[in-house]
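Reading through the structure tokens given below for one structure.
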Amino acid sequence: MEERQDITVNAGDIARLAGVGRAAVSNWRRRHEDFPQPVGGTTSSPHFSLPEIAAWLRANGKSFEVSLGDLVWQRLRTSVDDLRLGDLVGKVGAFLLFLHREPGAWRDHGTRSLTRLGAVTADLPGSPDPRLDDLALVGLVAELAAERGPLDAFEFLCERYVEAHSRRLSVTRDDVAELMTRLAVQEKGTVLDPACGVGTLLLHAESSRGQEINETNAMLSAVRVLLRGADARIVAGDSLREDGLTGDLADAVICDPPFNERAWGYEDLAADPRWEYGLPPRGESELAWVQHCLTHVKPGGLVAILMPAAAAGRRPGKRIRGNLLRAGALRAVVTLTPGGPDLWMLRRPNGERPPSQLLMVDASEDLSIVEPAWRAYMEDPEAELSGAGRTVRIIDLLDDEVDLTPARHRPQQGGPDFLRDFTDALARFRGTSAVLSDAPPALELLDERQDLPTTTIGELAKAGLIAILQAPPKMSADEGPLPVLTADDIASGASPSGRTTLDPTLVMIKPGDVVTTVLGAVRVVGQSGAALGPQVTLYRVDPQRLDSGFLAGFLRSADAARIHPGSSRLDVRRARVPMLPLPDQRRYGTAFRELFALEDRLRETRTLGETLIRLGFDGLVDGHLRPCDQRV
């Protein structure tokens with residue numbers, strides 16, 4: 001198509017689309033005189049014509065296919081400079097929201113229907129008429145929406161945008177975002193995020209409110225939640241200086257605020273009524289966010305907010321920390337990763353007697369321990385809990401420092417419990433590590449590389465050898481009798497950990513299915529009875545013509561080759577698979593299965609080793625172990 005001729009790519013784009021590293025692209029430029037010349041950009045970051053690059057790669061036998069999604073993305077990057085790219089992505093999002101809300105208008109009237117775009121998307125922040133001037137781009141986006149659906153199309157473009165601006169954008173980790181939602185949102189209700197960024201913490205709410213200081217990010221956030229059918233209101237502005245949600249009280253507040261902001265408004269906001277627990281010191285902007293969040297949650301409602309680890313013990317903030325404890329507002333401090341951030345759980349007082357205990361959890365090795373500890377604490381805040389999730393008497397914390405760092409209040413290991421834990425960890429580590437030397441499969445080293453005829457996953461799907469399935473985009477989480485295989489389960493080799501309710505639209509997994517995640521984890525399913533989770537793709541093979549272990553091995557190899565710092569998603573349909581008779585496939589499949597099993601054993605051994613190391617350090621420091629001349 002003529003409108004695609006002016007799309008350009010840089011070296012990083014070429015590497016991602018061709019499935020190679022950037023060094024390979026540099027080598028091609030140096031070694032091949034016929035490599036296309038730059039058509040724009042700068043000396044350090046030249047831009048090349050996408051059609052010319054595609055033609056050169058195909059002429060030189062390089063695997064190269066451009067998906068419609070990548071075509072739209074490259075068109076966006078070609079159209080504007082990086083500073084305006086976010087605004088353009090936001091306008092594309094407004095158009096996709098229009099297609100979502102009035103799907104028949106575009107089909108019946110084409111570009112004439114765009115006269116209604118502003119009215120249909122009036123609930124978006126920013127410009128009242130966010131129309132796109134590039135009608136060729138509009139056509140490509142409409143094609144992408146028809147192929148993927150408006151929601152998946154926009155999520156793809158948002159992911160690309162976040163990758164391109166990873167140094168300027170701070171996005172909450174998916175596993176942490178999901179944990180915060182599970183802890184704070186007790187029932188279906190309104191969720192508010194006063195520093196919502198690109199909307200990550202609001203994606204699972206049926207009703208959401210948000211504010212974001214960056215107008216572009218506010219637009220992206222609004223499109224993402226509205227495309228999910230949520231009742232949402234997102235505003236742009238500085239939440240601390242100009243609260244755009246004044247008077248809004250949510251059932252839960254979830255927040256990942258900016259850290260270490262000295263210019264947060266200390267001088268202008270000294271008399272602000274939000275500082276119920278004390279005026280935040282100039283260098284403690286995070287304590288301003290904590291109190292801002294508490295003013296926006298209903299009495300008895302929960303707040304989950306990420307905090308720098310230092311905020312638990314910095315001396316200037318001890319007065320506010322003490323007041324939060326005395327009032328019963330601060331309920332838990334959770335260490336998520338060594339060095340932070342920490343997760344603070346708060347509850348707005350509603351006249352009840354404050355609890356006498358604070359929950360402290362060190363989840364730096366395992367996030368899964370947080371939710372059970374929190375549920376147990378919320379059921380009875382006065383009960384004494386021990387272990388990784390433990391309660392500490394608030395009266396013991398109200399000293400001269402009011403230091404709430406979980407590691408500082410970790411109880412000393414002692415007595416029979418430590419002896420049992422250390423002995424068990426040592427025995428299990430020895431047992432798993434002893435079999436590693438015999439675990440690798442028998443592989444023959446060839447004198448010359450073996451070239452095999454190949455085909456693509458897409459061609460195998462067209463021929464009926466593979467059915468490619470995905471879970472529905474929305475799934476009721478954490479409730480119901482049906483187990484769900486999640487992306488984290490696949491990455492860790494664990495059993496299905498999610499839960500959902502029965503629904504005829506769910507994809508049920510079967511033994512022999514191959515499942516993959518967007519970050520490259522691959523697994524062959526061994527048992528049935530679970531539903532396929534979000535962000536997971538399933539490949540169901542015809543066992544009479546294709547071996548599942550054979551397919552999984554080459555998918556894993558393709559993922560390892562294509563996932564690199566410039567990309568977090570693989571277009572698996574382009575992955576190449578050798579064309580071999582079924583008996584040869586099964587031989588490869590057996591070897592791949594043994595490698596997968598070795599990977600699981602190594603993961604288990606590493607986990608046990610880390611536990612043994614931690615117990616060893618603790619025992620030596622606490623006096624329950626001592627060095628000896630003979631190895632234990």
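Considering region 89-105, the residues that are within 17 Å of residue 160 (Cβ to Cβ) and in contact (Cβ under 8 Å) with a residue 60 or more places away in the chain include one that is surrounded by the most Cβ atoms within 10 Å (Cβ to Cβ), namely 92.
The residues of region 310-334 that are more than 26 Å from residue 250 (Cβ to Cβ) and either under 32 Å from the mean Cα position of the chain (by Cα) or crowded, with 21+ Cβ neighbours inside 10 Å (or both), listed by number, are 310, 313, 314.
Okay, residues lined up against (1) touching a Gly at 6+ places or on another chain (Cβ under 9 Å); (2) among the small types (Gly, Ala, Ser):
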{"residue": "52", "(1), (2)": "no, no"}
{"residue": "59", "(1), (2)": "no, yes"}
{"residue": "64", "(1), (2)": "yes, no"}
{"residue": "68", "(1), (2)": "no, no"}
{"residue": "86", "(1), (2)": "no, yes"}
{"residue": "89", "(1), (2)": "no, no"}
{"residue": "108", "(1), (2)": "no, no"}
{"residue": "111", "(1), (2)": "yes, no"}
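Among residues of region 606-623 that are part of a helix (DSSP H, G or I), those with a Cβ under 7 angstrom from a residue that is aliphatic (A, V, I, L, M), sequence gap 6+ or separate chain, pair up as 608/425; 611/425; 612/425; 612/426; 615/425; 616/625; 619/625.
Matching residues to (1) in contact with a helix residue (DSSP H, G or I) (Cβ under 7 Å, 6 or more places away or on another chain); (2) aromatic (Phe, Trp, Tyr); (3) buried (at least 17 other Cβ atoms within 10 Å of the Cβ):
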site	(1), (2), (3)
145	yes, no, yes
158	yes, no, yes
173	no, no, no
178	no, no, yes
185	no, no, yes
190	no, no, yes
200	yes, no, yes
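No other residue among 601, 593, 574 is at pLDDT below 90, surrounded by fewer than 21 Cβ atoms within 10 Å (Cβ to Cβ) and under 15 Å from residue 457 (Cα atoms) apart from 574.
Considering only residues in region 223-238 that are of a type in the set (A, V, I, L, M, F, W, C) and within 20 Å of residue 251 (Cβ to Cβ), the one that is surrounded by the fewest Cβ atoms within 10 Å (Cβ to Cβ) turns out to be 230.
A quick yes/no check of all residues on (1) assigned to a helix (DSSP H, G or I); (2) over 23 Å from the mean Cα position of the chain (by Cα); (3) aliphatic (A, V, I, L, M); (4) at pLDDT 95 or above:
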site: 209; (1), (2), (3), (4): no, no, no, yes
site: 218; (1), (2), (3), (4): yes, no, yes, yes
site: 221; (1), (2), (3), (4): yes, no, no, yes
site: 224; (1), (2), (3), (4): yes, no, no, yes
site: 234; (1), (2), (3), (4): no, no, yes, yes
site: 252; (1), (2), (3), (4): no, no, yes, yes
site: 259; (1), (2), (3), (4): no, no, no, no
site: 279; (1), (2), (3), (4): no, yes, yes, yes
site: 306; (1), (2), (3), (4): no, no, yes, yes
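For region 128-148, state whether one or more residues are under 15 Å from the mean Cα position of the chain (by Cα) and over 22 Å from residue 295 (Cα atoms). It would help to see each step written out before you state the result.
So in region 128-148, the residues under 15 Å from the mean Cα position of the chain (by Cα) come out as none.
No: region 128-148 contains no residue that is under 15 Å from the mean Cα position of the chain (by Cα) and over 22 Å from residue 295 (Cα atoms).
Give me the pairs: first residue in region 195-224 and within 20 Å of residue 92 (Cβ to Cβ), second residue aromatic (Phe, Trp, Tyr), beta-carbon distance under 8 Å, and six or more apart or on different chains, which are they? As it stands, the answer is 220/161; 223/154; 224/154, since those pairs meet every condition given. Selection over region 9-39 of residues that are surrounded by 13 or more Cβ atoms within 10 Å (Cβ to Cβ), in contact (Cβ under 8 Å) with a residue 12 or more places away in the chain and small (Gly, Ala, Ser) gives a count of 6. Close Cβ contacts (under 7 Å, 6 or more residues apart or on different chains) running from residues in region 547-564 that are among the acidic types (Asp, Glu) to residues that are part of a helix (DSSP H, G or I) and at pLDDT 85 or above comprise 547/582; 547/585; 547/586; 547/589.
Looking at residue 113, is it polar (S, T, N, Q) and either within 23 Å of residue 144 (Cβ to Cβ) or not in a helix (DSSP H, G or I) (or both)?
On the way: polar (S, T, N, Q): yes; either within 23 Å of residue 144 (Cβ to Cβ) or not in a helix (DSSP H, G or I) (or both): yes.
The answer is yes for residue 113.
Of the helices (runs of 4 or more DSSP H) lying entirely inside region 343-455, those carrying at least 1 residues that are outside the structural domain of residue 258 (by TED's automatic domain parsing) and surrounded by 10 or more Cβ atoms within 10 Å (Cβ to Cβ) are 415-434. Each residue in region 116-127 was checked for being under 16 Å from residue 226 (Cα atoms) and in a loop (DSSP other than H, G, I, E, B), and 6 of them qualify. For region 57-69, the count of residues that are assigned to a helix (DSSP H, G or I) and touching a residue at least 60 places away in the same chain (Cβ under 8 Å) is nonzero. For region 263-271, the criterion of being in contact with a helix residue (DSSP H, G or I) (Cβ under 7 Å, 6 or more places away or on another chain), farther than 22 Å from residue 203 by Cβ and without any contact (Cβ under 8 Å) to a residue 60 or more places away in the chain is met by at least one residue.
When you go through 46, 36 one by one, which is the residue that is closer than 22 Å to residue 574 by Cβ, of a type outside the set (D, E, K, R) and out of contact with any Leu (no Cβ under 7 Å at 6 or more places or on another chain)? Step through it out loud before you land on a result.
Values: 46 fails: closer than 22 Å to residue 574 by Cβ.
Unique residue meeting the criteria: 36.
Take the conditions in a loop (DSSP other than H, G, I, E, B), surrounded by 15 or more Cβ atoms within 10 Å (Cβ to Cβ) and out of contact with any strand residue (DSSP E or B) (no Cβ under 9 Å at 6 or more places or on another chain) and apply them to residue 85. Does it pass? Show your work before the answer.
Numbers: in a loop (DSSP other than H, G, I, E, B): no; surrounded by 15 or more Cβ atoms within 10 Å (Cβ to Cβ): yes; out of contact with any strand residue (DSSP E or B) (no Cβ under 9 Å at 6 or more places or on another chain): yes.
No.
I'd like to check something: does region 336-349 contain any residue that is more than 29 Å from the chain's Cα centre (by Cα), more than 21 Å from residue 178 (Cα to Cα) and not aromatic (Phe, Trp, Tyr)?
Taking region 336-349 as the starting set, the residues that turn out to be more than 29 Å from the chain's Cα centre (by Cα) are 349.
This time we only want the ones that are more than 21 Å from residue 178 (Cα to Cα), so: 349.
Applying the additional criterion that residues be not aromatic (Phe, Trp, Tyr) yields 349.
For region 336-349, residues more than 29 Å from the chain's Cα centre (by Cα), more than 21 Å from residue 178 (Cα to Cα) and not aromatic (Phe, Trp, Tyr): present.
Among the residues of region 136-154, at least one is outside any helix (DSSP H, G or I), assigned by TED's automatic domain parsing to the domain that holds residue 103 and modelled with pLDDT of 90 or more.
Evaluation of residue 265 against the conditions (1) of a type outside the set (A, V, I, L, M); (2) closer than 21 Å to residue 100 by Cβ; (3) surrounded by fewer than 24 Cβ atoms within 10 Å (Cβ to Cβ) shows that the sole unmet condition is (2).
Total residues in region 18-45 satisfying the condition of being over 31 Å from the mean Cα position of the chain (by Cα) and not polar (S, T, N, Q): the figure is 13.
The values are calculated or read from the model by the stated rules, or taken from the named source; none is laboratory data. This is a predicted model, so every value here is computed, not measured. Glycine also receives a Cβ, built like all others from the backbone with ideal geometry; neighbour counts cover every protein chain displayed.
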